[in-house]
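Below is one structure; the comments refer to it alone.
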Amino acid sequence: MHDDDLDDRDVVRPVVIDSPKHLLLLVPRVSATKIEWMLPVIPIRRGETTRRAAARYLRRAAHFPALRISPLIGRLPRSDAPTGTQYVVVVRPAAGGWPMFIRSALALEARWWTTAALRRGQVMVDPVQLLDFMDGYWEGWLPDEEISLE
């Protein structure tokens, strides 16, 4: 997905997780001066829900098997566009664990991380609120609803 394709629309950013191991799957974005680990950015089509947009992308474009999307949704302004909202949703397999190909289906350079490893290594993450969001998810103190991450 190119930034030009995203314009000022709302986007969804799925967090693909391995629940038993408390891992999240991130994709690197490399610039001349830094490496930042991020979530995929998927435009939400007119009339489409955040969950449907995430499922559409993961099932059709990345060829993921059956998946389950948590009712917890994080909401914050787009950092890469002057207008629009980005939504963060948590995605796990519908049953059992992910097949081995999931990491490379998202992106060849994708990598599994724990929030502790990201914090310990002072790794740059986009969105920056992701670590607190995921810690709240793992620890169960975030409600199963849409919440602001600002």
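Of the numbered criteria (1) more than 21 Å from PRO43 (Cβ to Cβ); (2) in contact with a Phe, Trp or Tyr (Cβ under 6 Å, 6 or more places away or on another chain), the one MET124 fails is (2). In the range 68-79 there is at least one residue matching the filter, namely being touching a Phe, Trp or Tyr at 6+ places or on another chain (Cβ under 6 Å), open to solvent by 60 Å² or more (accessible area, probe 1.4 Å) and within 25 Å of PRO143 (Cα to Cα).
Restricting attention to the range 102-150, the residues that are touching a residue at least 60 places away in the same chain (Cβ under 8 Å), part of a loop (DSSP other than H, G, I, E, B) and open to solvent by 60 Å² or more (accessible area, probe 1.4 Å) total 4. Name the one entry in ARG9, ARG13 that is part of a loop (DSSP other than H, G, I, E, B) and in contact with a strand residue (DSSP E or B) (Cβ under 6 Å, 6 or more places away or on another chain). It is ARG9.
Does any residue of the range 48-71 turn out to be assigned to a strand (DSSP E or B), out of contact with any Lys or Arg (no Cβ under 8 Å at 6 or more places or on another chain) and not β-branched (Val, Ile, Thr)? Yes - at least one qualifying residue is present in the range 48-71. Can you say whether LEU24 is open to solvent by less than 30 Å² (accessible area, probe 1.4 Å) and within 12 Å of the chain's Cα centre (by Cα), as far as the supplied structure shows? Yes, satisfied.
One line per residue, one yes/no per condition, for (1) modelled with pLDDT of 95 or more; (2) of a type in the set (Ser, Thr, Tyr); (3) touching a Phe, Trp or Tyr at 6+ places or on another chain (Cβ under 7 Å):
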{"residue": "SER104", "(1), (2), (3)": "no, yes, no"}
{"residue": "TRP112", "(1), (2), (3)": "yes, no, no"}
{"residue": "ALA117", "(1), (2), (3)": "yes, no, no"}
{"residue": "VAL128", "(1), (2), (3)": "no, no, no"}
{"residue": "ASP135", "(1), (2), (3)": "yes, no, no"}
{"residue": "PRO143", "(1), (2), (3)": "no, no, no"}
{"residue": "LEU149", "(1), (2), (3)": "no, no, yes"}
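The values are calculated or read from the model by the stated rules, or taken from the named source; none is laboratory data. Given the structure is predicted, the values throughout are model-derived calculations rather than measurements. Every residue, glycine among them, receives a Cβ derived from its backbone with ideal geometry; neighbour counts consider all protein chains shown. Heavy atoms of the whole protein, side chains included, go into the accessibility calculation; ligands, DNA and RNA do not. Shrake-Rupley method; radii C 1.70, N 1.55, O 1.52, S 1.80 Å.
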